[in-house]
């Protein structure tokens, strides 16, 4: 196996080093070819390693960064005033070829702005998109959805590019030869939707290289009908946040119901054997890690309040994209389709 080097933003996210560093050591145990670079305040990282009696490893190094981008900080301010932030330095390491990918749980807007500025987009790609996997009804199945918030207002060309990138990434990482691609819309009929969605549908129907299956509605996002779902960032982000809210709401209702009285608690104890596989399937840790596709490098965004296991999963996503050389695959396919 060839060496894979990932830069980790050790300072960002809700818990910073408390999540990133344990996840780093767990990942090193699981991947013999993995090398990790912890990016952040060197003195603080070394203090953490010593305090927690972390073992020394030749496959783990530290790269100093003197600044931190706060979670609520405006992206433009972070890009302009924090050129030595852990986010910026981690992305720079990818640009310089020191690392093949970077993973951060930090400010999404700042990470995207920095990645676009430093790495630039691939030829033929107008703007990068955020893509992530979501669970489906199929056992161990998932669907990849993009864009999830990078582009609030997407053109026809951008929707078409999203479909290409989503199809390529899903084919490479999930091993699906011809992923089923759908456009998220307000109905399945051809007459439904705005003009941009209709025009994007026409382009996809004319593209033999994309296995376009038509429109899909919001209630079918988790059905397993599609392998890739394409939408603009405004729609995608609302769909994602609404789904997260419903999942949290249902979880609270179930807990409340089982705590109501003695018999409810007894029923809850018995039901745990039925609910345990469901909880495992819906566990957000399993799907943590959203990729910024369309860049000349690999950048993975972890949820800010993820767990150690969740951040480890984000690292796994970065490793998979490095091993499959996703940016180069997207570059080649876009050049073929758009005749660049």
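The values are calculated or read from the model by the stated rules, or taken from the named source; none is laboratory data. Keep in mind that what you see is a predicted model, and the values were worked out from it rather than measured. When we count neighbours, we look across all protein chains shown, and the Cβ atoms used for this are built from the backbone with ideal geometry, even at glycine.
Overview of results
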| read-out | value |
| --- | --- |
| Region 126-147: number of residues that are crowded, with 24+ Cβ neighbours inside 10 Å and assigned to a loop (DSSP other than H, G, I, E, B) | 2 |
| Residues located in region 148-195, provided they are part of a helix (DSSP H, G or I), within 10 Å of residue 232 (Cβ to Cβ) and touching a helix residue (DSSP H, G or I) at 6+ places or on another chain (Cβ under 6 Å) | 159 |
| Test: residue in region 93-107 that is buried (at least 21 other Cβ atoms within 10 Å of the Cβ) and over 29 Å from residue 64 (Cα atoms) | no |
| Qualifying residue in region 187-207 (condition: within 18 Å of residue 138 (Cβ to Cβ) and touching a residue at least 12 places away in the same chain (Cβ under 8 Å)) | no |
| Hits in region 157-209 (condition: closer than 17 Å to residue 332 by Cβ and more than 22 Å from the chain's Cα centre (by Cα)) | 207, 208, 209 |
| Number of positions in region 303-317 that are part of a loop (DSSP other than H, G, I, E, B) and within 11 Å of residue 287 (Cβ to Cβ) | 2 |
| Residue satisfying condition, being buried (at least 24 other Cβ atoms within 10 Å of the Cβ) and out of contact with any helix residue (DSSP H, G or I) (no Cβ under 6 Å at 6 or more places or on another chain), within set 76, 85 | 85 |
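So that you can scan it fast, the table gives a plain yes or no per residue for (1) touching a strand residue (DSSP E or B) at 6+ places or on another chain (Cβ under 7 Å); (2) modelled with pLDDT of 95 or more; (3) assigned by TED's automatic domain parsing to the domain that holds residue 232:
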{"residue": "147", "(1), (2), (3)": "yes, no, yes"}
{"residue": "163", "(1), (2), (3)": "yes, yes, yes"}
{"residue": "178", "(1), (2), (3)": "yes, no, yes"}
{"residue": "182", "(1), (2), (3)": "yes, yes, yes"}
{"residue": "188", "(1), (2), (3)": "yes, no, yes"}
{"residue": "194", "(1), (2), (3)": "no, no, yes"}
{"residue": "207", "(1), (2), (3)": "no, no, yes"}
